[in-house]
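Heads up: the structure comes next, in structure tokens.
All of the numbers you see were taken from the coordinates with simple rules; none came from a lab. Because the structure is a prediction, the values reported are computed rather than measured. Please note: Cβ atoms are built from the backbone with ideal geometry, for glycine as well, and neighbour counts cover all protein chains shown.
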Amino acid sequence: MRAHLLAARLAGPVATSREESLRSYRLFAARDPRALLGLDPEWTWRQRDLIELMADKCGVSADPRQVSGQDVIDPERTLTALDSFAERLAAAAQRGAPVLLGTGHPHRLLGFYAALADALSAAGCAVLTPAYGRCVDITTRFGLRTYNLDYVQGVALVREPGAPRPGCATGVHTHSPLPVRTALAAAAEAGGPLPELVVGDHGWVCGAGQLGFEAIGLADTDDPALFVGEAEGSVSVVVPLDDAVRSDYYRPLTRYVLNRACLSQ
């Protein structure tokens, strides 16, 4: 697995630039909602603090004077986090816990999450799909946009209104926590069940963790919010990796996680 992480550039030198990451750290330190992803940090995080945190969690350079080049993720940290991620899935499966899965990276990560949803369902977990079809208003750099919440193979995503073939794999890339808030509110309004575990990325993890739900997920070096959530205790596990490589490069991770969780079918 370590060799695959490096060969696929999921870890090691990744496509995310140091400039992108530092920009995210500056925005997070200023508590810009675009970088918070639904998290309301308890502690004060300066950019230097975030660099130190990300060096510890991901393996990026701890030198604030390094302001250019490509970020680096330590594959050993990725493997350690994948093992912890698998442990949380195994625990949910053992107790037949209801789960909610969602992604802001449907073009890249849908297959990874869909395989987890299938395995958890086979283990007796209810894979929840609350608020199907609901409208979600999200502020983007192009202004306010209205999207629809959809589920593909048990995984939530948002798509443009009127998108052809509901249930198809295409969806919108988003960092917003509003989709998970909408889903959780709908589940509560319906009288449950509520998820005992939320699996995903971006706002799906931070938004759920902020509301007190156990949340685990994947994050790149320019998404400090998830790692802050983990440091503060609102997020259970974050796996550091490049979250935007080719979708088929995540298949070995799927097999690794399911094997570790004893969920291989």
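With R₀ fixed at 30 Å, the C-beta to C-beta distance from residue 186 to residue 56 puts the FRET efficiency at about 0.25.
By the compact-protein rule of thumb, 2.2 N^0.38 Å, the alpha-carbon radius of gyration of the stretch 2-260 corresponds to a ratio of 0.95. Computed extension length for residue 160-residue 67: 29.9 nm, one decimal, from 0.36 nm per residue of separation with the Cα-Cα distance subtracted. What is the Cα centroid distance between the stretch 95-130 and the stretch 1-40, reported in whole angstrom? Each part's Cα centre sits 24 Å from the other's.
Per-residue counts of other Cβ atoms within 10 Å, averaged by peptide: what ranking do you get for 38-47, 139-148, highest first?
Going by the mean number of other Cβ atoms within 10 Å, highest first, we get 38-47, 139-148.
I'd like to verify something in the chain: which complete DSSP H helices, judged by Cα projection on the helix axis, reach 20 Å or more and average at least 0.5 on the Kyte-Doolittle scale? Once both thresholds are applied, what remains is 106-122.
Kirkwood hydrodynamic radius, the stretch 171-265, all distinct C-alpha pairs: what's the number in Å?
In the stretch 171-265 this quantity evaluates to 14.3 Å.
Highest GNM mean-square fluctuation among 173, 202, 105, for the chain modelled with Cα contacts below 10 Å: 173.
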